[in-house]
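The values are calculated or read from the model by the stated rules, or taken from the named source; none is laboratory data. Since we're looking at a predicted model, the values are computed, not measured. Here Cβ is always computed from backbone atoms with ideal geometry, including for glycine, and neighbour counts include all displayed protein chains. Areas reflect the complete protein model, heavy atoms only, side chains present, ligands, DNA and RNA absent. Shrake-Rupley method; radii C 1.70, N 1.55, O 1.52, S 1.80 Å.
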Amino acid sequence: MLKDFFAKKKKYATIPTEKMKHDVPEGLMTKCPECKHIMYTKELKKNLLVCQSCHYHYPMSSFERIGSLVDEGSFTEYDRNMISENPLEFPGYLEKLESDRMKTKINEAVVTGDATINENPVVIAVMDSRFRMGSMGSVVGEKITRAIEQAIEKELPFIIFTASGGARMQEGILSLMQMAKTSVALKRHSDRGLLFISVMTHPTTGGVSASFASVGDYNFAEPKALIGFAGRRVIEQTIREDLPEDFQTAEFLLKHGQLDKVIPRHEMKETLTNVLKIHSGRRA
Amino acid sequence: MVGELEFERPITELKKKIAELKSFMDEKGIDLTDEITSLEERLSALQNDTYENMSAWDRVQVARHPERPTTLDYISYLFKDFIELHGDRLYGEDEAIVGGIGMFHDQPVTVIGQQRGRDTKENIRRNFGMPHPEGYRKALRLMKQAEKFSRPVICLMDTKGAFPGKSAEERGQSEAIARNLVEMAGLHVPIICIVIGEGASGGALGIGVGNHVHMLENSWYSVISPEGAASILWKDSTKAKLAAESMKITAPDLKELGIIDEMIPEVKGGAHHDPEEQAKRIEAVIQSSLEELMNLSEEELVEQRYEKYKNMGEFTFVNDSIAVK
């Protein structure tokens, strides 16, 4: 009987769950996942979440990104309270959304709004890979479309920072249709002669890569960002050949003519400002 | 009986029994007419019951039937004087997408479709109907040409997906599909899209942004194949059947969700039982779509596409007090 008691206890030893791992508060120090360099978290944040030693670009939350780009106090958010429904009645989907809302303190995988970047007015959308891997369902598609419509109405450039694993499986065909929806809006924006800049950050794959992310007037990317249509594993299984080390990185895309420029995070605001200036100069 | 599917097995067995009885009657000269008639009645009831209650997975099987009519099969029934046109003028020719010009009744049209092979050899040549970027770019070239000459575009969708390979990534599979979505959004001529078999994800959508989108009754259209969904959602690709049932991928489902305009009924048991009759049913739908869309101006066509896609999606709002932040 005593033996049973111990056996039972062993069986129920706590293993930290995925959720708990995410909930670990950020410590005083942070170790770079690439080069193992140990930094003060405060210093890392001051350095735009770029490793001081190897220049690894940490993922940024939507608001960290916006904060790093726009003029202080200039950001007005759109559709902050739009949330997903469960159109296919997918078991567990609403719970997953709720848990991601708690975890990320945002309502969906994209934040949209208008702002100024060094006094150049823009409409901006920033995806957040912490929320359901940045996947695109109805809300992401609708928020981006509405942001583009605002840009059309206000005759402003539209800038998007993508970070997404692709379409959101749990919303099925509705997710796929968001690719078409954002495209019809971008076409209208483009036909008005307005500027669209796409900046691909880690990761930009699947349905997001195969829609708005790839059709900017300028396609930029952050260093080493994973960008591609199909997943590496799927490709390896399909073609049974070795893939190069840098396969589907920003640098790989640049080499194959798919990008205009790879821009390190420190130069992002300045480069965007230059592009915006050149474009506003033409109209003046 | 060609390529019988699992869910049709009781039908096959009953047919076999009837055939046996008939030959027995002929051989022995015994009159079994009553028995045969009663079995034939049972067969007809069984067929009705089976084909009217097909599960999503049954339909996926029909959509993948090796003898299911392909794009080129339908082209031969639907378009007179068809001339196939090749190449994207940029890199190469992709035989996973066919395209060309022809006459639909008295109307010149451009036709584009994904093309599976009808046997192994052809499947290798056509990459099993999985296009590379040059296929999508050829499609776009033909659409722009259609726009120049004011011809409606008819797209027949049938693919397991855009090809997931190294060469496709290097040449910009994402950009090729994305570009088509944007350009199809703005095309100044009517676009009619019909899913005739498998409609897998971005690979299908790359020729699928239309004024009207229709689906054959036993085709499927989804953000991902049932196998892919099963492996992502449950880490188990053998749960494809479950994924097919839960992801709403059939024509009746998509009609109900408001994603497609018309579900085109199939001949009993599936299009492969009578391709010519199936082509006639498709012809009628194209005809009525064209009649409707030819009345719209260039601007109205673009506007109609805008409104159509703008309305797709389900979402709600929470009020400030319970929203996060």
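Mind listing the phi-derived Karplus ³J(HN,Hα) values for the stretch B:55-66, rounded to whole Hz, using 6.51, -1.76 and 1.60 with θ = phi - 60°, and x for any glycine or proline? Each residue of the stretch B:55-66 in turn: 7, 4, 5, 4, 5, 4, 5, 5, 4, 9, 4, x Hz.
Straight-distance candidates among the aspartates and glutamates for linking to residue B:280, with alpha-carbon spacing under 12 Å and chain neighbours fewer than 8 residues away dropped: B:266. Kirkwood radius and radius of gyration were both taken over the C-alpha atoms of the stretch A:24-151, and their ratio Rg/Rh is 1.02. Treating each Cα of chain A as one equal point scatterer and applying the Debye formula with no solvent, the log10 of I(q)/I(0) at q = 0.07 Å⁻¹ comes out as -0.29. For residue B:118, the amide hydrogen comes within under 5 Å of the amide hydrogens of B:123, counting only partners 5 or more places away or on other chains and with H modelled in the peptide plane.
Computed from the C-alpha gyration tensor, the three semi-axes of the ellipsoid equivalent to the stretch B:99-204 are 23, 17, 11 Å, from longest to shortest.
Under Stokes-Einstein, with the Kirkwood radius over Cα pairs as Rh, the value for the stretch B:168-325 at 37 °C and 0.692 mPa s is 185 µm²/s.
With N the number of residues in the protein assembly as shown, Rg(Cα) / (2.2 N^0.38 Å) evaluates to 1.07. Among the chymotrypsin sites (Phe, Trp or Tyr not before Pro) in the stretch B:120-225, those located in a DSSP loop and surrounded by at most 14 other Cβ atoms within 10 Å of their own Cβ are B:149.
Whole-Hz Karplus values for the stretch A:61-69 come out as 6, 4, 6, 4, 5, 4, x, 7, 10 Hz, taken residue by residue from phi with 6.51 cos²θ - 1.76 cosθ + 1.60 and θ = phi - 60°; glycine and proline positions read x. Straight-line reach from residue A:269: taking Cα to Cα under 18 Å and skipping same-chain neighbours fewer than 8 places apart, the lysines in range are A:45, A:46, A:261, A:277. Under the rule a/c < 1.5 gives rounded, and otherwise a/b versus b/c splits prolate from oblate, where does the stretch B:6-53 land using the Cα gyration tensor? Oblate, because a/c is 1.5 or more while a/b does not exceed b/c. Run down the lysines and flag those whose C-alpha is under 18 Å from the C-alpha of residue B:308, throwing out any fewer than 8 positions away in its chain. Filter leaves A:143, A:181, A:187, B:255. Shape analysis of the stretch B:160-221 places it in the oblate category; the axes a ≥ b ≥ c from the Cα gyration tensor give an a/c of at least 1.5, with a/b not above b/c. Simple spin-label estimate for residue B:80 and residue A:118 gives 6.4 nm between the two label positions (7 Å along the Cα-to-Cβ direction from each Cα). Karplus-based coupling profile of the stretch A:192-198, in residue order and whole Hz: 7, x, 8, 8, 10, 10, 10, with θ = phi - 60° in 6.51 cos²θ - 1.76 cosθ + 1.60 and x standing for Gly or Pro. Here the stretch B:1-135 yields Rg over Rh of 1.18, to two decimals, using C-alpha coordinates and the Kirkwood radius. For the stretch A:60-279, the fraction of 1.4 Å probe accessible surface lying on carbon and sulfur atoms is 47 percent. Over chain B, accessible surface divided per residue gives 43 Å², non-protein components excluded, 1.4 Å probe.
Mean silhouette area of chain B, derived from the convex hull of its C-alpha atoms and averaged over all directions, reads 22.6 nm². Computed over Cα pairs, the Kirkwood radius of the stretch B:136-195 leads via Stokes-Einstein (1.002 mPa s, 20 °C) to a diffusion coefficient of 172 µm² per second.
Extension gain, residue A:245-residue A:224: 0.36 nm per intervening residue step, less the Cα-Cα distance, totals 6.4 nm. Note on the stretch B:189-238: along the principal axes its Cα atoms extend 43, 20, 11 Å, ordered by decreasing extent.
If you filter the stretch B:233-325 for GluC sites (Glu not before Pro), then keep DSSP loop positions with at most 14 other Cβ within 10 Å, what is left?
none
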